[in-house]
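First the structure, in the form of C-alpha cells, and then the observations on it.
The values are calculated or read from the model by the stated rules, or taken from the named source; none is laboratory data. Not measured: the values here are computed from a predicted model. Here the Cβ positions follow ideal geometry from the backbone for every residue, glycine too, while neighbour counts run over all protein chains shown.
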C-alpha cells in the first residue's frame with residue numbers, strides 16, 4: 001500500500017510540474033521538467049534502495065518492508081530537493097538562475 005501511495009504522489013507531482021512549467025515557459029520546458037523529475041526519481045530510488053539494504057533485511061520492520069522504506073526515504077529527500085529547486089526565485093539566491101525579462 002505504501003508504494004502505491006508513493007507512486008500516486010509522484011504521478012500527481014509530475015502532472016502539476018508539467019502544467020506549471022508549460023504555462024510559464026512552454027511545452028518544451030514542461031517536458032524537460034518531467035524528464036528531470038524522472039531522472040531524479042530513478043537515480044534516487046537506486047541510491048535509497050542501497051541505503052535501505054544496509055539497515056533493513058528483506059522482510060523489514062512491521063508493515064514496512066525494504067522497498068517501502070526506500071521509497072519513503074526517497075520521497076522525503078525529493079520533497080526537500082524540489083522545495084529548494086522549484087520555489088519562486090523573486091529574491092537573490094533563491095531558486096534556479098533565471099534572467100530578468102527573458
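Below, the figures for the structure above:
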quantity	calculated
Search result, residues across region 11-57 that are assigned to a loop (DSSP other than H, G, I, E, B) and surrounded by 16 or more Cβ atoms within 10 Å (Cβ to Cβ)	56
Condition check for residue 36: within 15 Å of the chain's Cα centre (by Cα) and modelled with pLDDT under 95	yes
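Matching residues to (1) touching a helix residue (DSSP H, G or I) at 6+ places or on another chain (Cβ under 9 Å); (2) surrounded by fewer than 15 Cβ atoms within 10 Å (Cβ to Cβ); (3) assigned to a loop (DSSP other than H, G, I, E, B); (4) at pLDDT 75 or above:
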position: 59; (1), (2), (3), (4): yes, yes, yes, yes
position: 67; (1), (2), (3), (4): yes, no, no, yes
position: 70; (1), (2), (3), (4): yes, no, no, yes
position: 81; (1), (2), (3), (4): yes, yes, no, yes
position: 89; (1), (2), (3), (4): no, yes, yes, no
position: 97; (1), (2), (3), (4): no, yes, yes, no
position: 101; (1), (2), (3), (4): no, yes, yes, no
